[in-house]
């Protein structure tokens with residue numbers, strides 16, 4: 001059977017020729033009709049014109065979003081460690097917090113302090129650790145070390161561009177204070193979400209352009 005004889009919805013549901021899959025009822029019906037040497041009138045190309053157009057448009061949009069995310073991720077990964085700190089601090093400022101970045105040197109598990117007043121006197125006080133090691137996951141020991149110096153009223157944010165091990169996530173779930181783990185995907189999504197609210201200095205680190213797409 002010629003694959004090009006199938007409608008776009010059916011072809012999209014099948015995937016590649018090397019895929020292992022279970023076909024949908026609609027695709028099975030279309031196969032039966034073609035193998036019998038006829039084409040169901042309900043499956044005529046013109047009947048699928050609008051559906052095929054919608055499916056193709058959505059596929060292209062999803063592909064564009066996925067590629068854009070990967071390009072942004074590459075840009076974030078290429079930042080220097082100090083720039084990564086500035087990006088995270090900028091995102092927190094976009095969330096209406098004031099931030100203070102720790103100077104270089106021993107920081108006792110805190111790279112950024114974010115709070116309503118910027119000094120940490122007002123709650124919520126968010127203590128942030130930034131690990132910019134794209135090829136290295138953070139483990140449970142790093143999470144325990146971070147939690148060890150926290151006050152009971154603190155909120156924690158641990159950013160790791162290398163991600164987190166399963167044990168690290170378990171350690172975060174059972175932490176004595178609210179703790180959020182942010183990997184590279186979370187960081188990219190949050191950057192895009194708050195991009196319009198970022199200050200000019202932070203936008204300069206990750207310059208992005210808006211892309212318009214038909215809404216219908």
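Here residue 61 meets the list (1) more than 17 Å from the chain's Cα centre (by Cα); (2) modelled with pLDDT under 85 almost entirely, failing just condition (1). Filtered by the rule that a residue be touching a strand residue (DSSP E or B) at 6+ places or on another chain (Cβ under 8 Å), surrounded by 12 or more Cβ atoms within 10 Å (Cβ to Cβ) and assigned to a loop (DSSP other than H, G, I, E, B), segment 140-156 gives a lone residue, 150. Restricting attention to segment 93-129, the residues that are over 19 Å from residue 146 (Cα atoms) and either at pLDDT 90 or above or part of a helix (DSSP H, G or I) (or both) add up to 6. Given the conditions (1) within 18 Å of residue 80 (Cβ to Cβ); (2) within 25 Å of the chain's Cα centre (by Cα), and given that residue 173 satisfies all but one, which numbered condition is not satisfied? With (1) within 18 Å of residue 80 (Cβ to Cβ); (2) within 25 Å of the chain's Cα centre (by Cα) applied to residue 173, the lone miss is (1).
Figure legend. Inter-residue proximity from segment 44-69: first residues under 30 Å from residue 185 (Cα atoms) and outside the structural domain of residue 193 (by TED's automatic domain parsing), second residues outside any helix (DSSP H, G or I) and modelled with pLDDT under 85, beta-carbon distance below 7 Å, spacing 6+ or different chains. Indicated pairs: 61/213.
The values are calculated or read from the model by the stated rules, or taken from the named source; none is laboratory data. Model, not experiment: these values are computed from the prediction. Here the Cβ is made from the backbone with ideal geometry for all residues, glycine too, and neighbour counts use every protein chain on show.
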